[in-house]
Amino acid sequence: MHYKRILLKLSGEALMGDRQYGIDPFRLAEYAQEIKAVTERGVEVAIVIGGGNIFRGVSGASRGMDRVTGDHMGMLATVINGLALQSALEDAGIQTRLQSAIKINEVAEPFIRRKAMRHLEKGRVVIFGGGTGNPYFTTDSAAVLRAIEIHADVILKGTRVDGIYSADPEIDKKATKFDFISFDEVLTKGLKVMDSTAFTLSQENKLPIIVFDMNKPGNLEKVVTGEKIGTKVNF
């Protein structure tokens, strides 16, 4: 395996499938099989998932809601998604632990770094819910923070696009895809990979990011074996 320990970042919207909102159980089952394939090859997998399919604090604030309240609602949405993904993974026969940055002991363990690392060493998939536990920070920031804390080798950002482009490929048909790009180039070109806080944190800690199409079967396994899938942001 090219990577021994990975942090997989999934957006909440990825769980919607073809729905307008909520969770598509078929998409969950597909993701569970993709994750199972890499765990069976000895890769240690941690996951951070967003909550945008249920609620976004930023959109709530734009409609007059207090931003802190909205972000707390968004954190709870990530726990809901984490529970759904945990159930799908366990249905696929994978031992899983859900840890939350906000205390919700009846449904998730509190986030304890050493305990999370021990779970990974035992071959369990660890899902980190609740974001960072603080308002004004996105789940991108949570993903980078947790990846650094558990000494992940790479952040794999699973999206519906097969990499980083010079422009939005769904809008600009002339957009060109990058196979490799540096952190400095991303900043210079003004490309959107993650929010600036998360991206800077990753750069400062020399943690590479790979953006790839999670919805194409087999792509996750190809990435962890070192195949040139998606776009790698490196130094």
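Laboratory data are not the source of any read-out in this text; all were calculated from the coordinates shown. Note that the coordinates shown come from a computational prediction; the quantities given were computed from them, not determined experimentally. A quick note on method: Cβ atoms are made from the backbone with ideal geometry, for glycine too, and the neighbour counts reach across all protein chains shown.
Packing-wise, with mean Cβ within 10 Å as the measure, how do 153-166, 112-125 rank, highest first?
Highest mean packing first, the order is 153-166, 112-125.
In whole Hz, what ³J(HN,Hα) sequence does the stretch 192-205 give by Karplus (6.51, -1.76, 1.60; θ = phi - 60°), x for Gly and Pro?
In residue order, the calculated couplings are 9, 10, 9, 5, 4, 5, 5, 5, 5, 4, 5, 4, 5, 9 Hz.
Residue by residue through the stretch 13-30, which ³J(HN,Hα) values in whole Hz follow from phi under the Karplus form 6.51 cos²θ - 1.76 cosθ + 1.60 (θ = phi - 60°), with glycine and proline marked x?
Working through the residues one at a time gives 4, 4, 7, 6, x, 8, 7, 7, 6, x, 10, 9, x, 5, 5, 4, 5, 4 Hz.
As I understand it, the dipole of the chain uses +1 on the Cβ of Lys and Arg and -1 on the Cβ of Asp and Glu, about the Cα centre. Which of V224, G17, A116 lies farthest toward its positive end?
The residue sitting most towards the positive pole is A116.
Out of residues 5 or more away from I164 or on other chains, whose amide H comes under 5 Å of its own, with H placed 1.01 Å from N in the peptide plane?
It is F178, T231, by chain and number.
Per DSSP H run of n ≥ 4, the term is -39500 (n - 2.57); total these for the chain, divide by its residue number, and report the mean residue ellipticity at 222 nm rounded to 500 deg cm²/dmol.
Rounded to the nearest 500, it is -11500 deg cm²/dmol.
How far is it, in nm, from the label point at R114 to the one at Q95 when both lie 7 Å from their Cα along the line to the Cβ?
2.0
Under the Karplus relation 6.51 cos²θ - 1.76 cosθ + 1.60, θ = phi - 60°, what is the ordered set of whole-Hz ³J(HN,Hα) values for the stretch 145-156, x standing for Gly and Pro?
Per residue, the Karplus-derived 3J(HN,Hα) values read 4, 5, 4, 5, 5, 8, 6, 5, 7, 6, 9, 9 Hz.
Rounded to the nearest 5, what % of DSSP beta bridges with both residues in the stretch 92-235 are antiparallel?
If I count the DSSP bridges inside the stretch 92-235, around 25 percent turn out antiparallel.
Out of residues 5 or more away from G51 or on other chains, whose amide H comes under 5 Å of its own, with H placed 1.01 Å from N in the peptide plane?
When sequence neighbours closer than 5 places are left aside, the close amide H contacts are G12.
Taking H as built 1.01 Å from N, whose amide H comes closer than 5 Å to the amide H of L98, not counting residues under 5 places away?
E109, I127
Pick out which of Q20, Q99, Q33 has the largest mean-square fluctuation in a Gaussian network model of the chain, springs linking Cα atoms closer than 10 Å.
Maximum fluctuation in the GNM of the chain, among the listed residues, is at Q20.
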